[in-house]
Structure formats: structure tokens, C-alpha cells
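Sending over a structure as C-alpha cells; questions will come in a sec.
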């Protein structure tokens, strides 16, 4: 079985930046894309906060450029979904549905998935008025009425942030009290641009047929009454789930399931590094994910340099070492 210098699991901004840096270090990384190749930016229309594109760039186009750039320097990118990993012994092994790979170092860049409401209209309108990131997309809703769905600290932070742009922000919450901390509640209640729809579930986001958000259908879960609320944007803020289940019981995770990193991108397992949203529950931006991807690649390079038998070239048979 061929032995790689480094395997990168994930192909969003973090994974592809790690691929670019490790490829330029002549490590010839193997990138396994995962089910959602390209990460969350593949669901984004125009990205206006990525440095260097003054007129913005479409999310899928940005990811395609990053992919081609990494391949140009020697990264091998393959389609595949990782089904299991073994981080307990060297070399590490990574198994997909149809192959197994081994490596001296692993970079985990599996990201995090925004929790969604589960509505067909929600998925269809992602990037067209439905968003999971106020910092990313708030600018597009200047002077427009919008809604934030959720009741925790993240939802209140997003609602308050969005008042900088929106004409009005409606917070939709399924209970009659918020889960957010008191200080965040006080800030939201004191903001004249924020109002609340209590005990309400979103039944539908309109209008999928038009390809843009025109409103929401809410149902009061106490009375059963339905109402239509006109808005031009819906921000879903009910949390994120780090894609770290593969690594449970093999690597240190925090209480919310995010991979814990130390001194850059190092994890609790020597030779395993993590970058992007799978270890970042604070910033969750494409540019910060890319930055940690760079860190992970440099940390992996230093780790490999320190090994007694560093592989100058990949594809060396384990039996030859």
C-alpha cells in the first residue's frame, strides 16, 4: 500500500489552502474531497469579503480556482467520502467506501455544517435570500426587512449585527423565552429595529418559484394559527455541527464536538492537524479557515521534517522504510 506524506480530509477553503501550502513544500499531498466538495462556499452566490476581488467572486468559482491552484503545484485531489480513520498507530490509515490510504501525517479539514430547518424551500433558496452567516451576507440586505430564526446567543448576535443593514429584523423563536445569555437578550430587546415572533415555527419560506425570498409562513405552535410575514431575507441561526464524528474517541474534542487545537493546528494526536470550521466555533469565515489551513500545512511540514525517516517523495512503499 503506498504511503503518503500527508492526507488532507476535506476540500473547503481550509483543506485546499493546506493542499496548496503542502504541495508547494513538495509534500505531494493527497486530498480526499468528501461528500460536500468545496465546502459551504459551494452554496454561496457572490463572495464580497475575500481579499483581492474588489467586485466579488462567485463561491463555486473561488473554490474552483483554489482547487486548480493546488493541483498546479502537485496536490492530488480525489473524489471520495471517508468512512473511517485509524489515528492510534503510525502510519495513519484513512478508508473510503472503495479504497484505503496510509500517511505519516493527517490534516483534518472537514468543516462544520450549519443546522437547517429542514424545509425544501430553505435548501432551494440558500444563497438566494436564505443564509446561515450574517457576517458573510448581511451587506446584501441593506434597507430590506429580514428574519433571524433562533433564540440563542448566536441568533441574537446575528440579529443585532444585521440591524446595521436591514430596515427591520424579526427574530422567530419556537419558544416564549430566549435561550441567549441575559446580556445578549437585553441588547436585542433594547434595539428598536428588532421585533419578535414567539412560539413560532417556520412552515415555509417563499418564493421558491421566483428564486428569491419574499416572505415566511409561520405557525404558532400554541394556537396553531398561521400567518404570512413579508421579508426579503431569512438567516437561520440554530447552530452548527462540527463534522468530527469520524474522530470521536481518537482525538480530543471540546464539549460541543469541535476538535481542540494547540500551538497552531496541532491536535492531541502527534502528526494529526486540524483547520477550518471543524476546530473554529468563533469566526467561521472562509478567510480564517484558509489561514488555519496554511498553519496546518506548515505545522505538518515541520512535523515531517522532524521525523527520523522523513519521506522526501510520497508513494514510497511502507516495506521500503
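The values are calculated or read from the model by the stated rules, or taken from the named source; none is laboratory data. These numbers were taken from a predicted model, which means no experiment stands behind them. Cβ coordinates were reconstructed from backbone atoms using ideal geometry, including for glycine residues, and neighbour counts include every protein chain displayed.
For every residue, the table says whether it meets (1) outside any helix (DSSP H, G or I); (2) within 26 Å of residue 125 (Cα to Cα).
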site: 8; (1), (2): yes, no
site: 16; (1), (2): no, no
site: 40; (1), (2): no, yes
site: 52; (1), (2): yes, no
site: 71; (1), (2): no, no
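Here is a yes/no grid of residues against (1) more than 15 Å from the chain's Cα centre (by Cα); (2) farther than 25 Å from residue 241 by Cα; (3) surrounded by fewer than 16 Cβ atoms within 10 Å (Cβ to Cβ); (4) in contact (Cβ under 8 Å) with a residue 24 or more places away in the chain:
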residue	(1), (2), (3), (4)
22	yes, yes, no, yes
32	yes, no, no, yes
36	no, no, no, yes
49	yes, no, yes, yes
52	yes, yes, yes, no
61	yes, yes, yes, no
65	yes, yes, yes, no
68	yes, yes, yes, no
75	yes, yes, no, yes
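Identify the residue in the range 192-233 that is in a strand (DSSP E or B) and in contact with a helix residue (DSSP H, G or I) (Cβ under 6 Å, 6 or more places away or on another chain) and, among all such residues, is nearest to residue 141 (Cα to Cα).
Among them, the one singled out is 233.
Does residue 183 qualify as being crowded, with 18+ Cβ neighbours inside 10 Å, more than 21 Å from residue 128 (Cβ to Cβ) and not assigned by TED's automatic domain parsing to the domain that holds residue 81?
no
Consider residue 158 carefully, then state whether it is part of a strand (DSSP E or B) and either within 20 Å of residue 133 (Cα to Cα) or in contact with a strand residue (DSSP E or B) (Cβ under 8 Å, 6 or more places away or on another chain) (or both).
Judged against the criteria, residue 158 is not a match.
Which of (1) on the phi > 0 side of the Ramachandran plot; (2) assigned by TED's automatic domain parsing to the domain that holds residue 50 does residue 106 not meet, given it meets every other one?
Every condition holds for residue 106 apart from (1).
Here's something else I'd like to know. Determine the pairs where a residue that is within 15 Å of residue 262 (Cβ to Cβ), located within the range 292-307, has a partner that is part of a helix (DSSP H, G or I) and at pLDDT 95 or above with Cβ atoms under 6 Å apart, the partner being 6 or more residues away or on another chain.
Close Cβ pairs (under 6 Å, with a partner that is part of a helix (DSSP H, G or I) and at pLDDT 95 or above) amount to 292/14; 292/276; 296/18.
Considering the range 91-117 alone, what residues qualify as being part of a loop (DSSP other than H, G, I, E, B) and more than 18 Å from the chain's Cα centre (by Cα)?
91, 97, 98, 99
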